[in-house]
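Written out below as structure tokens is the structure these notes cover.
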Amino acid sequence: MDRRSFVAAIVIAPSAAAVSAAFEPREMAAAAAAPATRVAPKVHAVATPLPLTAVRLTGGPLKRAQERDAQYLLDLDPDRILSFYRTRAGLPKKAEPYGGWDGEGRQLTGHITGHHLSAVSYMFAATGDTRFKQRADYIVGELKVVQDAHQNGYAGAIMGGEKAFDELAKGNIRSAAFDLNGLWSPWYTLHKTFAGLRDAYRHTGNRMALEVETRFAAWAEGILSRLDDAQTQKMLGTEFGGMNEVLADLYADTGDKRWLDLSYHFEYRAVVDPWKHFEDDLNGLHGNATIPKAIGSVARFIYTGDLNDGFAGSFFWDRVVHHHTFASGGDGKDEYFREPDHLSRITEGRTAESCNVYNMLKLTRALFALRPDVDYAEFQERALFNHALGSMDPDDFAMCYMVPVGRGVRKEYQNMAQSFTCCVGTGMENHALHGLGLYFTAADKLWVNVYAPSTASWDAGGVRLSMDTSFPEGDDATMRIEAAPARPMTLLLRRPRWAGDGFTVTVNGAAQDTLADGGYVALKRTWRAGDTVALTLPKTLRLEPLVDNPRRTAIMWGPLMLAGDLGPEPPRGEGRGRGTAPAVDLPVIVSSSRNPADWLKPIPGKPGEFQTDGVGRDKDFLLAPFYRLHRRVYMGYVDLYTPADWEKKTAEDAAQRERQRQLDAATVGYLEPGSPQREHDFNQQGENTNVALVDQRAGRGGRGWFSFDLPVDPSQANVLVVTYHADSRRPRTFEILVDGQPIAEERFDVSSDDRFFDREYPLPASAGGGKPTVTVRFQATGGSDIAAVFGIRVIRRQAQFPTPNSNAQFPMNHERRAAGIEVAQGELRRAICPVAPANGRRRV
């Protein structure tokens with residue numbers, strides 16, 4: 001959507017009294033708790049979601065996930081999650097703290113308390129269970145005690161937090177992506193406490209929460225007000241969560257403009273400004289550090305009507321969903337956005353962080369309220385029924401950090417009593433929010449966006465209804481009107497884009513016109529109690545290929561992504577890399593048809609499960625809904641070949657095996673770094689080095705140096721062949737030395753190319769000095785780091801091999817000319833598009 005379209009779609013309120021709220025998280029759960037000074041938004045809410053208090057899930061997988069989350073929240077000990085808050089304030093602890101990311105020495109201590117407080121507040125609104133309000137009230141009371149003990153408004157639990165922030169206020173700022181003055185994303189951590197207090201106030205009516213939050217904001221103001229603009233922007237180079245959003249919300253809750261002004265201290269212009277001009281600068285940005293910036297922009301737009309903030313949030317959503325998102329609704333690899341529309345390069349490995357989907361769903365609901373476009377509803381459904389449900393094992397409520405979409409992968413389940421990662425925190429909240437955004441309302445309209453078993457009460461409209469559906473596996477939904485206003489009302493039923501030709505709607509048994517206006521079937525009439533609306537939602541099989549590689553495709557069944565089931569996941573500790581599994585045979589599909597209905601057979605009695613029919617190579621395999629595959633090794637995306645392409649691929653594989661055979665015959669010595677035993681055999685040494693894990697393969701990198709002793713053939717010229725991986729989020733510069741003599745200087749640019757590749761380096765004739773071994777050392781230069789090394793091979797120089805296919809898994813390139821061209825192209829790219837322009841902004 002361009003700027004003109006955005007302006008045309010948005011209505012700025014002529015007065016503050018024109019609207020009450022733009023989307024549910026900005027509404028009060030208890031009207032009596034709202035102070036007279038509360039600020040109403042400046043932007044009309046075209047459609048307001050029915051709040052959590054008005055929707056009750058009654059069945060289906062969303063309800064089951066909500067119930068499992070609710071039990072987990074009640075099982076947690078509030079005194080344990082509050083333990084570090086008390087000790088940092090000089091108070092005796094009431095219980096031993098939890099560990100993991102919230103544990104001692106991790107510097108994220110306190111983040112889980114904030115997530116937990118938000119989650120129990122949401123769960124109280126979503127269920128009405130008073131145990132969640134009691135938990136929220138207890139935590140708020142304890143935070144008040146902690147804040148009083150600090151005597152300055154501070155209410156955090158970060159180790160060394162106050163001292164580091166005092167240093168920050170003096171202008172002494174050392175900022176990196178996740179490190180601010182030696183602390184791990186401290187504003188991000190404090191944001192969770194701010195957000196928890198806000199949510200306890202808004203969803204449980206706890207006035208003390210607002211008082212504690214306001215005093216906490218005054219402490220933050222004392223820090224930030226002492227920084228000039230340059231210092232502030234430098235500080236924002238470190239992840240800060242949604243601090244811009246919570247301060248804008250605090251302005252709305254108190255009417256005090258100082259908090260709105262303070263929110264601009266978290267406006268990181270190097271990242272956000274390009275969005276205001278509709279420029280995609282996402283490549284290389286950390287997903288969970290970036291999406292909250294867009295959420296904050298939309299929140300501030302709602303309260304102020306600043307169109308630039310609106311442009312930023314709307315454009316960001318469009319780019320992420322349409323150019324950076326997988327079929328599951330997840331996005332990113334290794335937590336980072338990559339090049340738009342080049343997803344085939346990043347499907348493998350650790351993809352689709354759950355925090356990102358939590359935040360994208362939050363942004364989606366906010367934007368639908370401002371502009372009720374079916375595009376938002378389609379994404380909400382996709383993300384809910386694929387990634388969100390797929391991120392929790394319903395049998396033991398273990399939540400996932402990554403929910404990978406690649407081939408031969410497994411989900412990253414967390415230890416729910418020990419890990420307390422960011423995705424455990426957002427997971428606590430996410431599964432409490434499943435009822436939010438199913439229904440939206442306006443003066444005389446009610447939108448049905450997601451079909452889920454539920455009841456809904458729209459008190460202002462005089463409507464009560466119930467939804468009974470077998471969705472997402474089934475294809476029917478029945479809505480019964482239990483109370484209706486005496487005036488006409490338009491019921492807007494989403495006609496999913498995936499729905500087949502058999503889509504039907506009836507009212508009291510009478511067929512209706514199913515022509516969708518803007519994606520919705522509009523039924524306007526004077527409704528009566530007892531009216532019944534029935535829908536048939538036929539799901540068809542279809543492909544969703546990746547834009548940059550149509551051969552690699554997701555297989556969709558209606559809104560559900562299907563995944564190939566490759567068997568039970570092995571015990572933890574087997575396999576190399578989080579989110580990956582031990583190497584397995586990856587079947588492909590070979591067919592001249594791109595209609596999956598031609599080669600998938602449904603499994604009788606198992607809705608959503610299919611078997612490939614004679615097209616699997618080297619074997620046929622089962623597929624099931626992505627969200628239902630737990631504790632399994634699976635394929636989210638699959639490669640689809642025509643018979644001719646498969647014949648060509650088979651020939652290329654045979655040629656590659658022959659090249660590998662010749663290479664092995666010429667090899668003097670070979671090492672795959674990352675294995676402790678193998679590295680020990682080659683006398684690994686080093687400082688400030690680490691093991692890297694990419695696509696089931698281990699390697700070694702680092703910011704210091706590392707070395708190995710490798711055999712050589714003293715009677716012949718030798719060549720060092722090093723295997724790297726092309727994917728890199730930042731430039732890397734390093735040098736290679738042999739027996740202390742430099743033989744190469746390397747620079748690798750930013751790239752999202754998902755492939756292993758080789759560089760060769762002729763060893764000097766004097767290498768080894770007649771000895772059978774040489775010491776090969778990799779050493780970072782210019783404050784950079786070493787590109788991870790996944791293989792080191794010494795070969796005899798006389799060996800000659802044809803240049804391999806660039807798509808081979810481990811391409812071996814022994815053409816010096818080709819290597820030279822690769823370097824020259826890198827220099828050209830740097831000349832045309834520097835990685836870090838002087839103004840700090842990246843343009844794509």
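With respect to A119, is the statement that it is open to solvent by less than 10 Å² (accessible area, probe 1.4 Å), touching a residue at least 12 places away in the same chain (Cβ under 8 Å), among the small types (G, A, S) and in contact with an Asp or Glu (Cβ under 6 Å, 6 or more places away or on another chain) true?
yes
What helices (runs of 4 or more DSSP H) completely inside the stretch 77-131 contain at least 1 residues that are over 28 Å from G205 (Cβ atoms)? Step through it out loud before you land on a result.
Working: elements: 78-81, 83-88, 111-127.
Helices (runs of 4 or more DSSP H) meeting the threshold: 83-88.
Conditions: (1) open to solvent by 40 Å² or more (accessible area, probe 1.4 Å); (2) part of a helix (DSSP H, G or I). R38 meets all but one. Number of the miss?
Answer for R38: the failing condition is (2).
Within the stretch 794-809, restricting attention to residues that are within 42 Å of the chain's Cα centre (by Cα) and open to solvent by less than 70 Å² (accessible area, probe 1.4 Å), which residue is modelled with the highest pLDDT?
That would be V794.
With respect to A299, is the statement that it is in contact (Cβ under 8 Å) with a residue 60 or more places away in the chain, within 24 Å of A352 (Cβ to Cβ) and either touching a strand residue (DSSP E or B) at 6+ places or on another chain (Cβ under 9 Å) or open to solvent by less than 10 Å² (accessible area, probe 1.4 Å) (or both) true?
Numbers: in contact (Cβ under 8 Å) with a residue 60 or more places away in the chain: yes; within 24 Å of A352 (Cβ to Cβ): no; either touching a strand residue (DSSP E or B) at 6+ places or on another chain (Cβ under 9 Å) or open to solvent by less than 10 Å² (accessible area, probe 1.4 Å) (or both): yes.
Answer is no for this residue.
Please indicate, with yes or no, whether at least one residue in the stretch 364-381 is touching a helix residue (DSSP H, G or I) at 6+ places or on another chain (Cβ under 9 Å), acidic (D, E) and closer than 30 Å to E104 by Cα.
No, because not a single residue in the stretch 364-381 is touching a helix residue (DSSP H, G or I) at 6+ places or on another chain (Cβ under 9 Å), acidic (D, E) and closer than 30 Å to E104 by Cα.
Out of the residues in the stretch 589-647 that are of a type in the set (F, W, Y) and under 27 Å from the mean Cα position of the chain (by Cα), which is most open to solvent (accessible area, probe 1.4 Å)?
Of everything passing the filter in the stretch 589-647, Y627 is most open to solvent (accessible area, probe 1.4 Å).
Can you tell me which residue among R226, R258 is within 18 Å of R198 (Cα to Cα) and either buried (at least 23 other Cβ atoms within 10 Å of the Cβ) or of a type in the set (D, E, K, R) (or both)?
Within the list R226, R258, the selection yields R258.
Please specify each residue of the stretch 531-575 satisfying the condition of being among the small types (G, A, S) and either surrounded by fewer than 21 Cβ atoms within 10 Å (Cβ to Cβ) or at pLDDT below 95 (or both).
Filtering the stretch 531-575 down to residues among the small types (G, A, S) leaves 534, 554, 558, 563-564, 567, 573, 575.
Scanning the stretch 531-575 gives A534, G567, G573, G575.
Of all the residues that make up the stretch 342-373, how many are in a loop (DSSP other than H, G, I, E, B), touching an Asp or Glu at 6+ places or on another chain (Cβ under 6 Å) and over 20 Å from F626 (Cβ atoms)?
So the count comes out to 1.
More than 14 Å from A432 (Cα to Cα), of a type in the set (S, T, N, Q) and at pLDDT 95 or above: does that describe Q134? Reasoning before the result, please.
Working: more than 14 Å from A432 (Cα to Cα): yes; of a type in the set (S, T, N, Q): yes; at pLDDT 95 or above: yes.
Judged against the criteria, Q134 is a match.
Can you confirm whether A209 is buried (at least 24 other Cβ atoms within 10 Å of the Cβ) and not in a helix (DSSP H, G or I)?
For A209, the condition - buried (at least 24 other Cβ atoms within 10 Å of the Cβ) and not in a helix (DSSP H, G or I) - is not met.
Please go through the stretch 434-456 and pick out each residue that is in a loop (DSSP other than H, G, I, E, B) and open to solvent by 10 Å² or more (accessible area, probe 1.4 Å).
Listed by number, the residues that qualify are A442, A443, D444, P453.
Out of V374, V409, which single residue is within 29 Å of A47 (Cβ to Cβ), of a type in the set (V, I, T) and either buried (at least 24 other Cβ atoms within 10 Å of the Cβ) or in contact with a strand residue (DSSP E or B) (Cβ under 9 Å, 6 or more places away or on another chain) (or both)? Even if it seems obvious, please write down each step before you answer.
On the way: V409 fails: within 29 Å of A47 (Cβ to Cβ).
Just one listed residue meets the conditions, V374.
Output yes when any residue across the stretch 230-247 is open to solvent by 20 Å² or more (accessible area, probe 1.4 Å), free of Cβ contacts under 8 Å to residues at least 24 places away in the same chain and out of contact with any helix residue (DSSP H, G or I) (no Cβ under 6 Å at 6 or more places or on another chain), and no when none is.
Yes - at least one qualifying residue is present in the stretch 230-247.
Any residue at all in the stretch 175-186 that is under 20 Å from A149 (Cβ atoms) and buried (at least 18 other Cβ atoms within 10 Å of the Cβ)?
Yes.
Do we find that L493 is open to solvent by less than 10 Å² (accessible area, probe 1.4 Å) and not β-branched (V, I, T) in this structure?
For L493, the condition - open to solvent by less than 10 Å² (accessible area, probe 1.4 Å) and not β-branched (V, I, T) - is met.
Taking the condition of being of a type outside the set (D, E) and under 30 Å from G284 (Cβ atoms), how many residues in the stretch 746-775 meet it?
So the count comes out to 10.
Is it the case that some residue within the stretch 727-736 is touching a residue at least 24 places away in the same chain (Cβ under 8 Å), touching a Phe, Trp or Tyr at 6+ places or on another chain (Cβ under 7 Å), open to solvent by 20 Å² or more (accessible area, probe 1.4 Å) and under 19 Å from G791 (Cα atoms)?
Yes; the residues of the stretch 727-736 include at least one that is touching a residue at least 24 places away in the same chain (Cβ under 8 Å), touching a Phe, Trp or Tyr at 6+ places or on another chain (Cβ under 7 Å), open to solvent by 20 Å² or more (accessible area, probe 1.4 Å) and under 19 Å from G791 (Cα atoms).
Per-residue answers, yes or no, for (1) among the charged types (D, E, K, R); (2) within 27 Å of L543 (Cβ to Cβ):
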residue	(1), (2)
D249	yes, no
T254	no, no
V272	no, no
V321	no, yes
E335	yes, no
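Quick test for you: out of A327, A417, pick the one residue that is buried (at least 22 other Cβ atoms within 10 Å of the Cβ) and within 21 Å of A65 (Cβ to Cβ).
Going through A327, A417 in turn, just one is buried (at least 22 other Cβ atoms within 10 Å of the Cβ) and within 21 Å of A65 (Cβ to Cβ): A327.
Spot the failing condition for G791; the list is (1) of a type outside the set (S, T, N, Q); (2) over 15 Å from D664 (Cβ atoms); (3) modelled with pLDDT of 50 or more, and only one is missed.
If we test G791 against (1) of a type outside the set (S, T, N, Q); (2) over 15 Å from D664 (Cβ atoms); (3) modelled with pLDDT of 50 or more, just (2) comes out false.
So is S752 small (G, A, S), touching a helix residue (DSSP H, G or I) at 6+ places or on another chain (Cβ under 8 Å) and either buried (at least 16 other Cβ atoms within 10 Å of the Cβ) or closer than 21 Å to A692 by Cα (or both) or not? Please lay out each step first, then the result.
Working: small (G, A, S): yes; touching a helix residue (DSSP H, G or I) at 6+ places or on another chain (Cβ under 8 Å): yes; either buried (at least 16 other Cβ atoms within 10 Å of the Cβ) or closer than 21 Å to A692 by Cα (or both): yes.
When the stated conditions are applied, S752 passes them.
Any residue at all in the stretch 143-152 that's modelled with pLDDT of 95 or more, open to solvent by less than 10 Å² (accessible area, probe 1.4 Å) and closer than 30 Å to D229 by Cβ? Quick ask: steps written out before the conclusion?
Residues of the stretch 143-152 modelled with pLDDT of 95 or more: 143-152.
So of that shortlist, the ones also open to solvent by less than 10 Å² (accessible area, probe 1.4 Å) come out as 143, 146-147.
Subsequent filtering for residues that are closer than 30 Å to D229 by Cβ retains 147.
Yes, there is a match, as at least one residue in the stretch 143-152 is modelled with pLDDT of 95 or more, open to solvent by less than 10 Å² (accessible area, probe 1.4 Å) and closer than 30 Å to D229 by Cβ.
Condition test on D501, is it open to solvent by 40 Å² or more (accessible area, probe 1.4 Å) and either of a type in the set (S, T, Y) or in a loop (DSSP other than H, G, I, E, B) (or both)?
On the way: open to solvent by 40 Å² or more (accessible area, probe 1.4 Å): yes; either of a type in the set (S, T, Y) or in a loop (DSSP other than H, G, I, E, B) (or both): yes.
Here the answer is yes, as D501 does meet what is asked.
The values are calculated or read from the model by the stated rules, or taken from the named source; none is laboratory data. Keep in mind that what you see is a predicted model, and the values were worked out from it rather than measured. Please note: Cβ atoms are built from the backbone with ideal geometry, for glycine as well, and neighbour counts cover all protein chains shown. The area values use the complete protein model at the heavy-atom level, side chains included, leaving out ligands, DNA and RNA. Shrake-Rupley method; radii C 1.70, N 1.55, O 1.52, S 1.80 Å.
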